[in-house]
1. By per-residue mean of other Cβ atoms within 10 Å, what is the highest-first order of 92-104, 56-68?
2. Considering amide H positions built from the backbone, and no H for Pro or chain starts, which residues 5 or more places from Leu82, or on another chain, come under 5 Å of its amide H?
3. Order 118-124, 85-91 from most to least packed using the mean count of other Cβ atoms within 10 Å.
4. Per residue of the range 125-135, in order, report the coupling 6.51 cos²θ - 1.76 cosθ + 1.60 (Karplus, θ = phi - 60°) as ³J(HN,Hα) in whole Hz, putting x for Gly and Pro.
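What follows is calculated from the coordinates using simple rules that are stated; it is not laboratory data. This one's a predicted model, so the numbers in the text were calculated from it and none came from an experiment. Cβ: placed from backbone, ideal geometry, glycine included. Neighbour counts: every protein chain shown.
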Amino acid sequence: MNTLAVNPIGALVALFVAGAVIATIYWMLHPPITKAGVAAVRAQEELEQMVGSIIVVFSEDIHSEHMMVLAARLARREKAELLAVYVIEVPLILPEDASTPEEDRAGMDVLATAEAIAQNNGVPMRNEILHARQISTAVLDLAKREGAHLIVMGSYREGKYSNAPLGRAIEAIATQAKCDVLIGVPGQHGTLLQKSEERAAATGSRRS
């Protein structure tokens with residue numbers, strides 16, 4: 001019976017070559033992720049954890065229609081719950097539960113437009129009108145009550161020399177909220193969301 005002599009050095013070389021081939025094939029099938037790729041994956045994971053419920057804020061000064069479009073698209077993509085709220089700031093000279101029919105009508109008109117935007121994007125939405133002494137307090141309390149993951153709102157400017165150029169209420173919400181806050185400052189010539197907003201406004205007007 002013939003025996004096959006194996007040269008130890010040759011065996012090691014063969015194993016090395018085989019290992020190199022296997023490693024090359026694995027690398028081709030599983031290319032290394034770049035730093036940008038790692039960051040993108042991490043951002044996606046954080047977004048999936050972040051978005052569970054979204055509150056869009058409106059008031060007499062906070063116009064968030066253009067952000068409503070973005071919030072609806074985000075809610076549809078992430079299957080998140082969407083809530084639009086209109087906050088009426090009640091002056092100190094009136095009881096907090098005072099009747100404000102004119103302001104309520106304005107709020108209902110705004111929320112009708114928000115609902116039309118949500119419907120145009122195929123997203124169910126709840127809406128609510130709140131009466132409060134301060135917009136920021138009402139929104140922060142609502143976000144806590146709802147367990148909100150994201151607050152979305154437009155911006156407004158109180159004046160050239162104001163200490164809160166994007167509005168005191170917005171500044172208070174952004175600095176005190178326990179969840180993420182997305183503030184939209186519409187560009188002078190922005191057109192990205194304009195068509196969707198105009199369609200929703202037209203739908204809301206017909207329904208009114």
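1. 56-68, 92-104
2. Excluding prolines and chain starts, which carry no amide H, the hits are Ile54, Arg126.
3. Values: 118-124: 16.9, 85-91: 20.0.
Highest mean packing first, the order is 85-91, 118-124.
4. Computed from phi, the couplings for the range 125-135 are 8, 9, 9, 7, 10, 10, 10, 8, 6, 9, 4 Hz.
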